[in-house]
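The values are calculated or read from the model by the stated rules, or taken from the named source; none is laboratory data. The shown structure was predicted, so the numbers you read here are calculated from the model rather than taken from an experiment. Because the Cβ atoms are built from the backbone with ideal geometry, glycine has one as well, and the counts that use them run over all protein chains shown. Side chains included, ligands, DNA and RNA excluded: accessible areas come from the protein's heavy atoms. Shrake-Rupley method; radii C 1.70, N 1.55, O 1.52, S 1.80 Å.
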Amino acid sequence: SAVISQKPSRDICQRGTSLTIQCQVDSQVTMMFWYRQQPGQSLTLIATANQGSEATYESGFVIDKFPISRPNLTFSTLTVSNMSPEDSSIYLCSANGPGGEKLFFGSGTQLSVL
Amino acid sequence: EDQVTQSPEALRLQEGESSSLNCSYTVSGLRGLFWYRQDPGKGPEFLFTLYSAGEEKEKERLKATLTKKESFLHITAPKPEDSATYLCAVQAGAAGNKLTFGGGTRVLVKP
């Protein structure tokens, strides 16, 4: 399995500020994804982080709000920009394991926006 | 659009009381159905992948089965440590490796 580390694990932020979440995988992976889990709900895919090119965003998510970087095969960042209380969620990084199809997840970043 | 529905939303069991969780799906070209366990404050932990109807997989007290329309996660003689949210997800068609998740089933096993 792939070991995925995220930081910060939690943060409390003020409205209008931005937060960058880092995701580090312990091995080279082809696919990395960012999910959001709103309180009491299941996971919703934000975007696929593509190495060396722009991320692919799902319907309802835009690059200006959630810019993503992926400079290499083991690292990605997600920025939550101009935050509002509605952005309070758990943000999860995931990556495919050695076999390619199984997705493994980091422990998440608990974000609270005041 | 791929759809995944899990039932029940919540399940309270006595220790040793076996039960089943349901995951029904509507997709174009199922490539894989995944079960995850999620504990509070943690990311989902991979349990099983099922690829074709009739397939079954087991791990300790958990057994997952798959038909053409749904999957079941059977919990046999559960223990309190089996308390968690169980998530079902599908990988389908040309969607690449991304997963579409159901709403989850919160399981509480009381001693």
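The residue list B:THR76, B:THR67, B:THR49 contains one member that is in contact (Cβ under 8 Å) with a residue 12 or more places away in the chain, within 12 Å of chain A (Cβ to nearest Cβ), more than 18 Å from A:GLN41 (Cβ to Cβ) and surrounded by fewer than 22 Cβ atoms within 10 Å (Cβ to Cβ), which is B:THR49.
Of the residues making up region A:42-52, one or more are in contact with a Ser or Thr (Cβ under 7 Å, 6 or more places away or on another chain), within 14 Å of chain B (Cβ to nearest Cβ), modelled with pLDDT under 95 and open to solvent by 10 Å² or more (accessible area, probe 1.4 Å).
Just so you know, in region A:87-109 the residues that are open to solvent by 20 Å² or more (accessible area, probe 1.4 Å), at the interface with chain B (Cβ under 7 Å from one of its Cβ atoms) and assigned to a loop (DSSP other than H, G, I, E, B) include one that is modelled with the lowest pLDDT, and it is A:GLU101. Please find, within region A:36-82, the residue that is nearest to B:LYS98 (Cα to Cα) out of those that are touching a residue at least 60 places away in the same chain (Cβ under 8 Å) and in a strand (DSSP E or B). Only one residue fits best here, namely A:GLN37.
Do we have any residue at all in region A:67-80 that's more than 13 Å from the chain's Cα centre (by Cα), small (Gly, Ala, Ser) and more than 9 Å from chain B (Cβ to nearest Cβ)? Checked region A:67-80: no residue is more than 13 Å from the chain's Cα centre (by Cα), small (Gly, Ala, Ser) and more than 9 Å from chain B (Cβ to nearest Cβ). Among the numbered conditions (1) open to solvent by less than 10 Å² (accessible area, probe 1.4 Å); (2) touching an Asp or Glu at 6+ places or on another chain (Cβ under 8 Å); (3) not charged (D, E, K, R), the only one that B:ASN97 does not meet is (1). In this structure, A:SER84 does not satisfy being buried (at least 17 other Cβ atoms within 10 Å of the Cβ) and at pLDDT 95 or above. Answer yes if at least one residue in region B:17-26 is under 30 Å from A:PRO8 (Cα atoms) and surrounded by fewer than 19 Cβ atoms within 10 Å (Cβ to Cβ), and no otherwise. No, the conditions are met nowhere in region B:17-26.
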